[in-house]
Amino acid sequence: GGVGDAAAVVQLSRLRWAVLLLFSSYSLCNAFQWIQYGSINNVFVRFYDVSAFAIDWLSMSYMLIYIPLLFPVAWLLDKRGLRFIALAASALNAMGAWVKLGSLKPHLFPVTVLGQVICGLAQVFILGMPSRIASVWFGSHEVSTACSIAVFGNQLGIAAGFLVPPVLIPNVEDVEKLAYHISIMFFMTAGVASALFILVIIVFKEKPPNPPSRAQALIQSRPTVEYSYMQSILRLLRNANFLLLMVTYGLNVGCFYALSTLLNRMVIHHYPGEEVNAGRIGLTIILSGMVGALISGIWLDKTKTYKQTTLVVYIMSLVGMIVYTFTLNLGHLWVVFVTAGFLGFFMTGYLPLGFEFAVELTYPESEGTSSGLLNVSAQIFGIAFTISEGQVMDRFGTKAGNLLLCSVLFLGTVMTAFIKADLRRQRANLENEQT
């Protein structure tokens, strides 16, 4: 029948790695723009003569924009496809970068806000894509690894956002010199974003000539009239295991967003004048997390132990957060580097695990919709935790703020234990192999 015919032409495309690399690259550029202000919060506070909370909102604007726009963009992904979403994301990312070049005077803070809002719009078109690209372009034996690499780009961008701004923009008193250094960073970002937009136009394709897996062949052979976007969302919201994962994913990633946004303030509080090392600590969190993400992706492809792996990584994120909390104020920067690296390995390594577990629990629903709901949860909790921890830190110190995140991760760990491993995509692949 139709399914047998579809399964017979399962074939991998060589272009899949180019598509994945290009997506990772413009995701990197967008993530860099998210954290480029927060990593030198104190410098931008002085340059624009605004409060630290106003600079925090430049990061939180990404999270706020995502929440109302998820469903329209997920609908567009299903109706218009991957290529349209990739073009929109890379175009908005470049546009936002160029708008920021118009904000190189202290009184032009609203212009930099506008540029950041446009980049935040681009992010809505990016965050739900990793699992969709992995499913549409990659075989069942490499899909989790591909998802990890797709998430890599975003993480590498955050790493660059921690590392590059403190190096390019020294904390000098002269406002003119400061504006010159900021302009170098903005010009470089705009140039890279524009080049990536042109590459997306040339290289990025909708899907490979043949489906890469039996599960994907089954989806492609299904008549389009069967699919209803609103029905898909309603089915997801009736899926108890997915709802649990949605909350636990939001708690974990929300903690990561709060930690990333407030890291500069935490480190400077205990180690004054160490802006560059604050950026390097952020870099350490992300790089170790990228290693964790890659290892967890390869591990999932080999073992398919989604529930067990997710729970172990969640527990270790909690342990890492507790250790980081109680070692931050010891007065030894090398200790902070070690504990931050340990925390990052598990907390950032959790990101692709959540995406892939969601796809397993919700197959054959759209990967863009399930990933999008996870990200909405993360953005809501991210805003709540960033504001809450910022307020707690201002009143009671950094340890109290970090203990708040520890308690959140403990709650998430307990809830993760109650998720049942209903691996629907794995069952579809096995059933079709037997057929």
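Of note:
- Between the Cα long axis of helix 109-124 and the first principal axis of the chain there is an angle of about 20°, rounded to the nearest 10.
- Segment 14-214, relative contact order in percent, only Cα pairs under 8 angstrom and at least six apart counted: 36 percent
- Rolling a 1.4 Å probe over the protein heavy atoms leaves residue 207 with an accessible area of roughly 110 Å².
- The magnitude of the dipole of segment 216-322, with charges of +1 and -1 set on the Cβ of Lys/Arg and Asp/Glu and taken from the Cα centre, is near 380 debye.
- Over the chain: helical MRE at 222 nm, DSSP H runs n ≥ 4 each giving -39500 (n - 2.57), nearest 500: -27500 deg cm²/dmol
- Convex hull of the chain built on C-alpha atoms - directionally averaged projected area, nm²: 19.2 nm²
- Rounded to the nearest 10 Å², the accessible area of residue 394 at probe 1.4 Å: 110 Å²
- Global geometry of segment 14-214, whether rounded, prolate or oblate, following the gyration tensor of its Cα atoms and the 1.5 cut on a/c: prolate
- Once the Cβ-Cβ distance of residue 424 and residue 184 is raised to the sixth power relative to R0 = 60 Å, the FRET efficiency obtained is 0.75.
- Compared with the direct C-alpha span, the chain from residue 394 to residue 407 gains 2.8 nm at full extension, assuming 0.36 nm per residue.
- Segment 21-86-segment 401-416 distance, computed between alpha-carbon centres (Å): 25 Å
- Selection from 144, 331, 380 lying farthest towards where the dipole of the chain points positive, charges on Cβ: 144
- Candidates 31, 89, 400: whichever shows maximal mean-square fluctuation once the chain is modelled as a Gaussian network with Cα springs under 10 Å: 400
- Note on segment 269-406: Rg/Rh from Cα positions, Kirkwood definition for Rh, rounded to two decimals, is 1.02.
- Placing unit charges on the Cβ atoms only, positive for Lys and Arg and negative for Asp and Glu, gives the chain a dipole magnitude near 640 debye about its Cα centre.
- Chymotrypsin sites (Phe, Trp or Tyr not before Pro) restricted to segment 387-435 and DSSP loop, no more than 15 other C-beta within 10 Å: 418
- Among 247-253, 355-361, 269-275, the order from most to least packed when residues are scored by Cβ within 10 Å on average: 355-361, 247-253, 269-275
- Heavy-atom surface analysis with a 1.4 Å probe gives the chain a carbon and sulfur content of 69 percent of its accessible area.
- Cα centroids of segment 162-207 and segment 284-313: 31 Å apart.
The values are calculated or read from the model by the stated rules, or taken from the named source; none is laboratory data. Source: prediction; values computed, not measured. Every residue, glycine as well, gets a Cβ built from its backbone with ideal geometry; the counts of neighbours run over all protein chains shown. Note: areas computed on protein heavy atoms with side chains; ligands, DNA, RNA excluded. Shrake-Rupley method; radii C 1.70, N 1.55, O 1.52, S 1.80 Å.
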